[in-house]
Amino acid sequence: MRKQKSIGENVLLIRRVRADDCEDVWRWRNDPLVRRFSFSQAEIPLLSHRVWFEEKIRNKNTVMFIFEDDQGAKVGQVRFEIMRDNTALISVNMNPQYMGQGFGTYVIVEATRTLIKENPMIVSVQAEVLEDNVVSQKVFQKAGYLLEGQKIRDGKGFFVFIRLGRKSDGN
């Protein structure tokens with residue numbers, strides 16, 4: 001599946017993740033800035049990542065998208081974990097070369113919209129953002145996610161943002 005969208009002079013395409021995306025996603029995840037704002041801040045070995053990535057691709061409750069520009073450069077990845085209660089948890093992993101250029105909001109909006117369209121049973125999508133990740137908090141709010149609350153896990157405070165799904169708000 002490919003969908004095209006223009007952001008300024010840039011065109012972004014959305015597609016499902018493929019096995020050949022594994023190392024790009026791994027490199028982005030291990031970027032120092034990305035790790036700083038992750039729940040797990042340790043660097044991940046490539047072999048461990050490959051095992052995890054292959055499991056995610058095979059898991060019917062995981063939906064992963066890659067966004068590319070019109071030249072085929074990968075901009076970012078969005079992953080959803082669909083839970084038994086028909087909610088989904090979103091995770092965003094941007095290519096560090098494209099951070100701060102306004103792509104985050106778009107990839108969140110489009111990935112969420114595509115997930116809900118393909119999975120109409122989804123009642124809500126939830127994002128968990130660390131307290132000190134102010135940029136991501138603003139991006140999720142700009143993407144239409146509402147602040148639901150604040151929690152602590154493993155000594156780390158984070159905010160929970162929620163976006164209602166088709167079953168809840170008629171999208």
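The values are calculated or read from the model by the stated rules, or taken from the named source; none is laboratory data. Remember, it's a predicted structure, so these values are computed and weren't measured experimentally. Note that we place each Cβ from the backbone using ideal geometry, even for glycine, and neighbour counts take in every protein chain shown. With ligands, DNA and RNA removed, areas are computed over all heavy atoms of the protein, side chains included. Shrake-Rupley method; radii C 1.70, N 1.55, O 1.52, S 1.80 Å.
Give, as a single signed number, the net charge of other residues whose beta carbon lies under 14 Å from the beta carbon of residue 64, with Lys and Arg counted +1 and Asp and Glu -1.
Numbers: positive: 15, 16, 18, 29, 56, 58, 60, 74, 79; negative: 20, 21, 24, 54, 55, 68, 81, 110, 118.
Around residue 64, the charge tally is 0.
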Legend entry - Per residue accessible area of the chain, 1.4 Å probe, in Å²: 55
Inset, instruction - Quick one: grab the alpha carbon gyration tensor of the chain, order the square roots of its eigenvalues as a ≥ b ≥ c, and give me rounded if a/c is under 1.5, else prolate or oblate depending on whether a/b is larger than b/c. - result: rounded
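Assuming 0.36 nm per residue, please report the length gained on full extension of the stretch residue 62 to residue 43 beyond their Cα-Cα distance. It would help to have the intermediate numbers written out before the result.
Numbers: separation 19, 0.36 × 19 = 6.84 nm, distance 2.26 nm.
Length gained between residue 62 and residue 43: 4.6 nm.
Under a 1.4 angstrom probe, counting protein chains only, how are 15, 29 ranked by accessible area, largest first?
Working: 15 10, 29 35 Å².
Reading off the accessible areas and sorting them downward yields 29, 15.
Specify whether the C-alpha gyration tensor of segment 33-125 places it in the rounded, prolate or oblate class, a ≥ b ≥ c being the square roots of the eigenvalues: rounded for a/c under 1.5, otherwise prolate if a/b is larger than b/c and oblate if not. Walk me through the numbers on the way to the answer.
Values: a/c = 1.66, a/b = 1.16, b/c = 1.42.
Verdict is oblate for segment 33-125.
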Inset, instruction - Whenever you get a sec, compute what percent of the accessible area on segment 35-171 sits on carbon and sulfur atoms (1.4 Å probe). - result: 50
